[in-house]
Amino acid sequence: MSSNKSRSLAQHFDAPKDYTGCFGWLCGYSADDRFLNAAVEYFTHLIDSQRASQGQIYLAAFLNPENRPISCLETPGVAHCLRIDKPTKPFRLLHAKVAILGFQHKENPKQWQLRLLVSTGNWTQQTLEESLDLIWRIDISSESLDTIDIGIRQDCTDIQSAWSLIQYIQALFDTRLLDSAKNGNFSHTKKSVEKVSGWLEKCKKIARSYPRCPPRFLDNRKISLVSQLSKKININGDVKRNYLAMGSGFYESSNDSHGSPKVPLNIINRLKEVNLLTKTATIDMYVNPKACQSVASSKKELRDVMGITIRPAATSKFVFKDGVPRTLHAKFLFSANHRNNSSLCNNAWVYLGSGNLTHPGFAKKMSANGGNLEAGVVFFPHVYWQDNKKIKESQVITHLLPIQWDTDLNEDSHVLEVGSDMEQSNESYIAPPVAWLNCFEDGDKCELRSDDPHISDIQVLDPSGKLCKKTATGFLWNHPQPRQVYISWETEAGQANEIAIPIIDQYGRIAATALAAIDIEEALWKLLSFPTPTNDEVDEGEEINDDNNVNKNKDANKKDSALIADYPIRKMMKIIESIAAQQVTKNEDNWELWCARLEQILNQAKDCEPVKYFRDDLKLNPLSPLRHQPFRPSFAESSDSTHGNLYEETLNRIEKRWKVQFLDPIGGMQ
């Protein structure tokens, strides 16, 4: 449960101080571009224009197939991975709401942090503005693994359990875009995915070393949530509690249940049967008074037969300062022992998660027609019933859950409304045969290509919606390089589909904005700031927070470049010397990124004055010194090594862009 007064669901994606978002996965029933843009901005501390120029994926989203596809243009830095086209799906709805986020230290790349989020709310703006929802979070750092105590073991076990679910979901969805490097481009995205996956494997190894530490995290792939509940509670011992609160955004339909909602009653009976709830326990059921399905029609029976008090959910003033009414969407159970002589919630436990107190959400395991795919967590908070001077506000249960005891709806004067059941769309979006296209420029024309064998199954549409002409290797594109294109295809069942897919440029950037031409001074400070994002990724005058040093680095590097004399030869020699001085200090881990950045930045400077002077007046290749051994790190001294071959191929492409590949080297020797 979040106890941070001002922290919204999106703000839980915020990178820790001195860290930046590396990569993360999230799954959920629904998401929208407004929420995802906010989340990825907190995650990376880069605004949308910066991420659009960078062309890197930071978050992969797996959503229920009914969710409208969200393109990389709408949410730069986020990939909405669609479901692979198969005849059946293993769940009724993808309803689990889980995120796993990886952060890397800005100065020391060996330091990292992982974060697990289990939410009751969808990844939407509506959740931020209108819903009463809950979130559970744990963070773990690389340094904490040096001294493993019971808390670290528990966190690793929970992260491993959640990672197992994410890996299962990944196999059902199209993740090819995250592996776009297979087309020969450098992929920062792929490298980031591999890094975070490696950190998760370390947690998994620790979790497996301590099998007696059961996870608090649970999902219903094999067993329903209700069947797992008592086992999770019994981790802390077989203790009867005399209070139970139950809340849900949706209950069973009044058309289906033919009376009282069976799932909440089943939960109550099970807890009593296994001695986790006293027979005379106080039971409160929290609802949306204007939409509580079968609860509305069975209020009298719930009160008189089961002794349940129906209450409206509370909007905590501790959390929400705006006073705007919110609608209960959270799904939770809270149980504890109440004593008149103590304010402590004795033996307290909480369930929160995605599963509504319905048959598909809580009472059934995942199945194609019966159960949704759900996830949640059962934990044991140290909390109190009410405020007093010795208790922190963040430890009071009414500040953490949407519950209250001042108002009940059992009286006949209170009218409960059935409202609508959970809506379900008949649409289902599937992944296209080709996940992206590569753009190859030839003068004013472009050709869109892919080495995916399914390219023959698609058609590419031009900006006016007409079919592009097919070539032997792809599709002719008689327009400037696009960031995405619409393609059409037919499924095996003959259904026509149309969707936008991203374009990957020669630098491996995904759906990226065009790179602007730059002068040699700007190229210099961009290279000096490596691996900090370059100016194309930073809007001048706009910083994400006080910790963003990008503009500070820029100012410092500009001072260095100002020392260069205003002569083309001296300017060119200065940047060649700077490149050499930098790259001999690089390590193998970031060599691919360095080569990609070098090519991108120098290509942007292909038409600047010093390049023209060497090419047109001196008839010399100014890049030739960079091939010499003293200008290269030891692991890339020659083309005999993989790193050396990559470097020489990079120089070949830059020389071709600068049109100096056939000119004499400086000094007459190569």
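Some observations on this one:
- Normalised per residue, the volume of the convex hull around the Cα set of region 267-332 (Å³): 114
- Its Cα gyration tensor gives region 27-112 an equivalent ellipsoid; the semi-axes, largest first and in whole Å, are 26, 16, 11.
- Table column - 3J(HN,Hα) (Hz), region 377-390, Karplus curve with 6.51, -1.76, 1.60, x for Gly and Pro: 8, 10, 9, 10, x, 9, 9, 10, 6, 8, 6, 7, 5, 8
- In region 10-214, lysine pairs closer than 15 Å at Cα, eight or more apart or cross-chain: 8
- Taking amide H as placed 1.01 Å from N in the peptide plane, I499 has its amide H under 5 Å from the amide H of I487, each at least 5 places away in sequence or on another chain.
- Partnerless cysteines, meaning none of the other Cys C-beta atoms lie under 4.7 Å away, in the chain: C22, C27, C72, C81, C213, C292, C345, C439, C446, C468, C595, C608
- Between the amide H of I57 and those of T189, distances stay under 5 Å, these residues lying 5 or more places away or on another chain, with hydrogens modeled in the peptide plane.
- Straight-line cross-link partners of K279 among the lysines, defined as a Cα under 22 Å from its Cα and at least 8 positions apart when in the same chain: K231, K232, K240, K262, K299, K300.
- Overall form of region 306-392 per C-alpha gyration tensor (a/c, 1.5; a/b vs b/c): prolate
- Measuring between their Cα centroids, region 187-209 and region 338-392 lie 30 Å from each other.
- For region 219-400: relative contact order, % (alpha-carbon pairs under 8 angstrom, 6 or more apart): 28
- Average projection, convex hull of the Cα set of region 432-514: 5.4 square nanometres.
- Label separation (K656 vs E301): 7.5 nm, computed from points 7 Å beyond Cα along the C-beta direction.
- Inverting the pair-averaged 1/r between distinct Cα atoms of the chain gives 27.8 Å as its Kirkwood hydrodynamic radius.
- Relative intensity of region 10-214 on a log10 scale, I(q)/I(0) at q = 0.15, 0.18 Å⁻¹, equals -0.96, -1.37, per a Debye sum over C-alpha point scatterers of equal strength in the absence of solvent.
- Rg in Å to one decimal, and Dmax rounded to a whole Å, for region 325-455 via C-alpha atoms: 25.5, 83
- Dipole moment magnitude, nearest 20 debye, region 10-214 about Cα centre, only Lys, Arg, Asp, Glu C-beta charged: 820
- Relative contact order, percent, region 10-214 [alpha-carbon distance under 8 Å, six or more residues apart]: 23
- For the pair S367 and K279, the difference between a 0.36 nm per residue extended length and the Cα-Cα distance amounts to 28.3 nm.
- Estimated purely from DSSP H runs of n ≥ 4, each contributing -39500 (n - 2.57), the mean residue ellipticity at 222 nm for the chain is -8000 deg cm²/dmol once divided by its residues.
- Per residue, the average separation of C-alpha pairs within less than 8 Å and at least 6 apart gives region 187-305 a relative contact order of 28 percent.
Quick note: the coordinates plus some simple rules give every number you see, no bench work behind them. Remember, predicted model here, so these are calculated numbers, not experimental data. Cβ atoms come from the backbone with ideal geometry, glycine included; neighbour counts cover every protein chain shown.
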